[in-house]
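A.B. asks: Shown below is the structure under consideration.
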Amino acid sequence: MPRAPPPFERARGRQTRRRPVEHKGGKDGGTLGEAQCELVGNQRHQLLAVRADDSARYLGGRRGRPKTAVLRSGMRAPLPGVLAAQVWRAARGQARFMIAAPWQRVSRVRAAIVGPGGIGRIHAEAIRRAGAQIHAVVARTDAGARTAREQFGAERGTTDLSAVLSDPDVDVVHVCTPNALHFPMARAVLSAGKHIILEKPLTLTVAEGRELLRLAETSGRIHAVGFNNRFYPLVQEVRERVRRGDLGDVISVRAAVLEDGLLHADDWNWRLDPQIGGPSVALSTIGCHLIDLVTFMVGDAISEVCADLRTVHPRRIGPDGRRAVEVDGQEVAHLLVRFRQGCRGALAMSQASAGRRYEYSVEVDGTQQALTWAAPDCNELWVGTRGSPNQIVVRDPALITEGARDYLTYGPAFREGFGETFLQFIAHV
Ligand SMILES: NC(=O)c1ccc[n+]([C@@H]2O[C@H](COP(=O)([O-])OP(=O)(O)OC[C@H]3O[C@@H](n4cnc5c(N)ncnc54)[C@H](O)[C@@H]3O)[C@@H](O)[C@H]2O)c1
């Protein structure tokens, strides 16, 4: 069975080789033997993913090996302790991990963040967690650039994107600005030969989207759009199970994403301005996430759409907080869709659903099985079968498929409190 394609293109120069690794027994008195490790290298960043087979019990340090193991979480630890522990887990089918050889090469990736707002800060945290550097930040105003530079610990803060794009010290650019800026900025980034992660929605029009795709594909650079829902381990699990044929033929999908941020007539944000946010607020803000999620899970593209969109408040209190303005916001959308290979779908997206806080649910029905994944309870997957008891699969590396296991950086017991502990601690130093 071929493995699922990665959710975004990996670096060129990727190399995969199988290499025997000897292990010489562990502190636990583990047996001698040989572990077969798959090394997935990325020449540029020198990332190595190592997966041990079932015979691995302990991997000792070897001459010439890197001194530091870097887990995909960005955690570093001296070898061989962590490596041994991880190989032990991998051997029990519980982990896949990455090491950097050497670690310093990872930290040489230098990023620029354009648009240090809500999501820009999340990107900043992720860049640090990956061990890369935030070299530059581009903001709308000088004051914003100064503040963000300080907060992100960046070398430079500026309002001049072109200056950052001509800076040889920038490898990758994170475009986190409002929607209407995605196309011109991404085009400039790709033309400058930088790797790019662009926030969703891709662009405001199909023509712009096609143009960006063409540029990205000919650029030879790594390019991705911020469709983060793919990275829930159990979303990967749905993808793997559909791919593996567990469900049989996929018959239909019902999916929804609901929130209440635009429920009231005095709720306002830039997304309601079609010049900045695009023509439909529900589709550009949450709907594109849902469409990406279902097409990713089903592994097929949508070919036909019948859409019904509703503007709940044609008049809203506008950006000044006082004056009412006319809006054709389309805060609610219902889509009937057909996929290329015959699957049918009903998708609902609403930003006017009282009490809902970015709640996702996706139900996939197949001829053999059905699966339901939902968030915020994102760590459980319902598996429905006729003629035998239904199951709940939890986010545990021992229970999920190999491909989905790659997306479990944290162990099964990881909760928000772990990360928050250290964030709060550092904030008080
Ligand atoms: N993937 C996700 O789940 C997710 C979540 C939230 C937002 N987003 C996307 O991220 C983008 C930003 O959303 P947000 O919520 O962070 O918005 P935001 O308003 O909080 O932040 C936008 C930032 O861009 C800055 N900016 C505006 N014009 C600029 C310019 N010309 N040059 C540099 N900076 C400029 C603003 O000053 C602000 O700091 C949107 O496209 C949105 O759809 C994605």
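The values are calculated or read from the model by the stated rules, or taken from the named source; none is laboratory data. Keep in mind the model is a prediction, meaning the values are calculated, not measured. In this analysis, Cβ positions are derived from the backbone assuming ideal geometry, glycine residues included, and neighbour counts consider all displayed protein chains. With ligands, DNA and RNA removed, areas are computed over all heavy atoms of the protein, side chains included. Shrake-Rupley method; radii C 1.70, N 1.55, O 1.52, S 1.80 Å.
A.B. asks: Any residue at all in segment 261-277 that is more than 16 Å from the ligand (Cβ to nearest atom), assigned to a loop (DSSP other than H, G, I, E, B) and under 19 Å from residue 348 (Cβ atoms)? Please lay out each step first, then the result.
C.D. replies: Step one: of segment 261-277, the residues more than 16 Å from the ligand (Cβ to nearest atom) are 263-266.
Still in the running and assigned to a loop (DSSP other than H, G, I, E, B): 263-266.
If we keep only those that are under 19 Å from residue 348 (Cβ atoms) as well, we get 263.
Yes: one or more hits.
A.B. asks: Would you mind finding the one in 211, 217, 240 that is buried (at least 17 other Cβ atoms within 10 Å of the Cβ) and either outside any helix (DSSP H, G or I) or more than 16 Å from the ligand (Cβ to nearest atom) (or both)?
C.D. replies: Numbers: 211 fails: buried (at least 17 other Cβ atoms within 10 Å of the Cβ); 217 fails: buried (at least 17 other Cβ atoms within 10 Å of the Cβ).
Of the residues listed, the single one that is buried (at least 17 other Cβ atoms within 10 Å of the Cβ) and either outside any helix (DSSP H, G or I) or more than 16 Å from the ligand (Cβ to nearest atom) (or both) is 240.
A.B. asks: Return a yes/no flag: does segment 265-276 have any residue that is among the β-branched types (Val, Ile, Thr), surrounded by fewer than 17 Cβ atoms within 10 Å (Cβ to Cβ) and in the same structural domain as residue 326 (by TED's automatic domain parsing).
C.D. replies: Initial filter on segment 265-276 (among the β-branched types (Val, Ile, Thr)): 276.
Within this subset, residues satisfying the condition of being surrounded by fewer than 17 Cβ atoms within 10 Å (Cβ to Cβ) are 276.
Subset that is in the same structural domain as residue 326 (by TED's automatic domain parsing): 276.
Checking segment 265-276: at least one residue is among the β-branched types (Val, Ile, Thr), surrounded by fewer than 17 Cβ atoms within 10 Å (Cβ to Cβ) and in the same structural domain as residue 326 (by TED's automatic domain parsing).
A.B. asks: Cβ contacts < 8 Å: first residue closer than 18 Å to residue 174 by Cα, restricted to segment 218-237; second residue within 11 Å of the ligand (Cβ to nearest atom) and open to solvent by 40 Å² or more (accessible area, probe 1.4 Å), any location; separation 6+ or different chain. Result?
C.D. replies: From residues that are closer than 18 Å to residue 174 by Cα, the pairs are 223/197; 224/197; 225/197; 225/202; 226/119; 226/197.
A.B. asks: I need the full set of residues from segment 122-143 which are within 10 Å of the ligand (Cβ to nearest atom) and touching a helix residue (DSSP H, G or I) at 6+ places or on another chain (Cβ under 8 Å), in order please.
C.D. replies: 137, 138, 139
A.B. asks: Sticking with this structure for a sec: Can you run down the residue pairs with Cβ atoms below 7 Å, 6 or more apart or on separate chains, where the first is in segment 361-386 and over 20 Å from residue 291 (Cβ atoms) and the partner is open to solvent by 60 Å² or more (accessible area, probe 1.4 Å) and of a type in the set (S, T, N, Q)?
C.D. replies: 382/390; 383/390; 383/391; 384/390
A.B. asks: For residue 355, are the conditions met, namely being more than 23 Å from residue 238 (Cα to Cα), assigned by TED's automatic domain parsing to the domain that holds residue 239 and under 26 Å from the mean Cα position of the chain (by Cα)? Walk me through it before giving the result.
C.D. replies: On the way: more than 23 Å from residue 238 (Cα to Cα): yes; assigned by TED's automatic domain parsing to the domain that holds residue 239: yes; under 26 Å from the mean Cα position of the chain (by Cα): yes.
Here the answer is yes, as residue 355 does meet what is asked.
A.B. asks: Of the residues in segment 316-332, how many are β-branched (Val, Ile, Thr) and either loosely packed, with under 12 Cβ neighbours inside 10 Å or assigned to a loop (DSSP other than H, G, I, E, B) (or both)? Even if it seems obvious, please write down each step before you answer.
C.D. replies: Taking segment 316-332 as the starting set, the residues that turn out to be β-branched (Val, Ile, Thr) are 317, 325, 327, 332.
Among the residues that remain, those that are also either loosely packed, with under 12 Cβ neighbours inside 10 Å or assigned to a loop (DSSP other than H, G, I, E, B) (or both) are: 327.
So the answer is 1.
A.B. asks: Another question about this same structure. Scanning segment 220-237 for residues that are in a helix (DSSP H, G or I) and within 16 Å of the ligand (Cβ to nearest atom), which turns out surrounded by the fewest Cβ atoms within 10 Å (Cβ to Cβ)?
C.D. replies: First, the residues of segment 220-237 that are in a helix (DSSP H, G or I): 228-231, 233-237.
Right, trim to within 16 Å of the ligand (Cβ to nearest atom) and you get 228-231, 235.
Working: 228: 16, 229: 20, 230: 17, 231: 12, 235: 24.
By that ranking, first place goes to 231.
A quick yes/no check of all residues on (1) assigned to a loop (DSSP other than H, G, I, E, B); (2) assigned by TED's automatic domain parsing to the domain that holds residue 134; (3) more than 30 Å from residue 367 (Cβ to Cβ):
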{"residue": "247", "(1), (2), (3)": "yes, no, no"}
{"residue": "279", "(1), (2), (3)": "yes, no, yes"}
{"residue": "289", "(1), (2), (3)": "no, no, no"}
{"residue": "294", "(1), (2), (3)": "no, no, no"}
{"residue": "307", "(1), (2), (3)": "no, no, no"}
